[in-house]
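Chemist: This is the structure, below, for whatever I ask next.
The values are calculated or read from the model by the stated rules, or taken from the named source; none is laboratory data. What you see is a predicted model; the values in this text were computed from it and never measured. Don't worry about glycine lacking a Cβ; one is built from the backbone with ideal geometry, like all the others, and counts go over all protein chains shown. Just the protein is used for accessible areas: all its heavy atoms, side chains included, with ligands, DNA and RNA removed. Shrake-Rupley method; radii C 1.70, N 1.55, O 1.52, S 1.80 Å.
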Amino acid sequence: MAHPVQLGLQDATSPIMEELIAFHDHAFMIVAMISFLVLYVLSSVLTTKLTSINITDAQEMETIWTILPAIILVLIALPSLRILYLTDEINNPSFTIKSIGHQWYWTYEYTDYGGLIFNSYMLPSPFLNPGDLRLLEVDNRVVLPIEAPVRMMITSQDVLHSWTIPTLGLKTDAIPGRLNQTTFTAMRPGVYYGQCSEICGANHSFMPIVAELIPLKIFEMGPVFTL
């Protein structure tokens, strides 16, 4: 999860998040180079007394600074479209879970395990154990396997919500009357935190999401039922 004075993104737990971090670094380097170039040109114009009609009025230069931004946009758009299609790709998920947003808690349905249903509420501060994270810990975590494609079916019963776990690269809106889906494959076990990232009302900031990722063999033994 994020920590104080963090400059970069959270460590990736899924291949999609690794792709998103790589694209972030790629786009950031392009933005940094453009910024330094503009600053250099501005400083050169302001600090030198030499002027030339070839610089202030040159069709060759105008052609370059028209074509160059188009090339830069293509260099940004192509990897962006690739990741966009990767995030929508669904290849034979081995497990499906449904998440329903309410004001202000989440309901999870394990449709592949006999229709197991439970609610996940944020733990109030008086009920926290030592080491628990305030405003992020819940009474019932959603338990998911690693190294297996998981499909999340996400919807809402009242207003707009958003099921978000940054380290997995997941952010899917929960819309009343609509069933959205997303897939992910976690690569390492652990406990990962997220929050509803849609302004859904007065208690918007009190809808945490806690995903406990465990090895597939242990998951198949039925730990999900010990809530």
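Chemist: Would you check which residues across segment 191-222 are touching a strand residue (DSSP E or B) at 6+ places or on another chain (Cβ under 6 Å) and part of a helix (DSSP H, G or I) and list them?
Modeler: F206, L216, F219
Chemist: Hey, another quick one. State yes or no: is I71 surrounded by 12 or more Cβ atoms within 10 Å (Cβ to Cβ) and either at positive phi or modelled with pLDDT of 80 or more (or both)?
Modeler: The answer is no for I71.
Chemist: Test P149 against the criterion of being surrounded by fewer than 19 Cβ atoms within 10 Å (Cβ to Cβ) and without any contact (Cβ under 8 Å) to a residue 24 or more places away in the chain, and give yes or no.
Modeler: The answer is no for P149.
Chemist: In addition: Just a yes or no: is a residue in segment 20-35 touching a strand residue (DSSP E or B) at 6+ places or on another chain (Cβ under 6 Å) and either within 30 Å of I199 (Cβ to Cβ) or in the same structural domain as I199 (by the TED database) (or both)?
Modeler: No, segment 20-35 contains no residue that is touching a strand residue (DSSP E or B) at 6+ places or on another chain (Cβ under 6 Å) and either within 30 Å of I199 (Cβ to Cβ) or in the same structural domain as I199 (by the TED database) (or both).
Chemist: Restricted to segment 154-172, and to residues that are farther than 26 Å from P15 by Cβ and not aliphatic (A, V, I, L, M), which residue is least open to solvent (accessible area, probe 1.4 Å)?
Modeler: So, considering only residues that are farther than 26 Å from P15 by Cβ and not aliphatic (A, V, I, L, M), the one least open to solvent (accessible area, probe 1.4 Å) is S156.
Chemist: For segment 94-140, name all the residues that are among the charged types (D, E, K, R) and crowded, with 20+ Cβ neighbours inside 10 Å. Full working, then the answer.
Modeler: Just the residues of segment 94-140 that are among the charged types (D, E, K, R), to begin with: 98, 109, 112, 132, 134, 137, 139.
Within segment 94-140, just E137 meets the criteria.
Chemist: Return the residue satisfying two criteria in turn: it lies in segment 119-156 and is β-branched (V, I, T) and not in a loop (DSSP other than H, G, I, E, B), and of such residues it is nearest to E89 (Cα to Cα). It would help to see each step written out before you state the result.
Modeler: First, the residues of segment 119-156 that are β-branched (V, I, T): 138, 142-143, 146, 150, 154-155.
Still in the running and not in a loop (DSSP other than H, G, I, E, B): 138, 142-143, 150, 154-155.
Numbers: V138: 30, V142: 23, V143: 23, V150: 12, I154: 16, T155: 19 Å.
Among those residues, the one meeting the criterion is V150.
Chemist: While we're here: Suppose we filter segment 92-148 for residues that are closer than 16 Å to N180 by Cα, modelled with pLDDT under 90 and under 20 Å from the mean Cα position of the chain (by Cα); how many remain?
Modeler: Going through segment 92-148 one residue at a time, the tally reaches 2.
Chemist: Shifting gears a bit: Out of all the residues in segment 101-160, which are touching a His at 6+ places or on another chain (Cβ under 8 Å) and of a type in the set (D, E, K, R)?
Modeler: D158 - this is the single residue of segment 101-160 that is touching a His at 6+ places or on another chain (Cβ under 8 Å) and of a type in the set (D, E, K, R).
Chemist: Examine segment 181-188 for a residue that is surrounded by fewer than 20 Cβ atoms within 10 Å (Cβ to Cβ), farther than 15 Å from S14 by Cα and either in contact (Cβ under 8 Å) with a residue 12 or more places away in the chain or among the aromatic types (F, W, Y) (or both), and state whether such a residue exists.
Modeler: yes
Chemist: Of the residues P176, P166, P124, P149, which single one is out of contact with any strand residue (DSSP E or B) (no Cβ under 8 Å at 6 or more places or on another chain) and either of a type outside the set (A, V, I, L, M) or in the same structural domain as E19 (by the TED database) (or both)? Spell out the reasoning first.
Modeler: Numbers: P176 fails: out of contact with any strand residue (DSSP E or B) (no Cβ under 8 Å at 6 or more places or on another chain); P166 fails: out of contact with any strand residue (DSSP E or B) (no Cβ under 8 Å at 6 or more places or on another chain); P149 fails: out of contact with any strand residue (DSSP E or B) (no Cβ under 8 Å at 6 or more places or on another chain).
Of P176, P166, P124, P149, the one residue that is out of contact with any strand residue (DSSP E or B) (no Cβ under 8 Å at 6 or more places or on another chain) and either of a type outside the set (A, V, I, L, M) or in the same structural domain as E19 (by the TED database) (or both) is P124.
Chemist: If we keep just the residues of segment 1-38 that are open to solvent by 70 Å² or more (accessible area, probe 1.4 Å) and among the β-branched types (V, I, T), which is farthest from L73 (Cα to Cα)?
Modeler: It comes out as V5.
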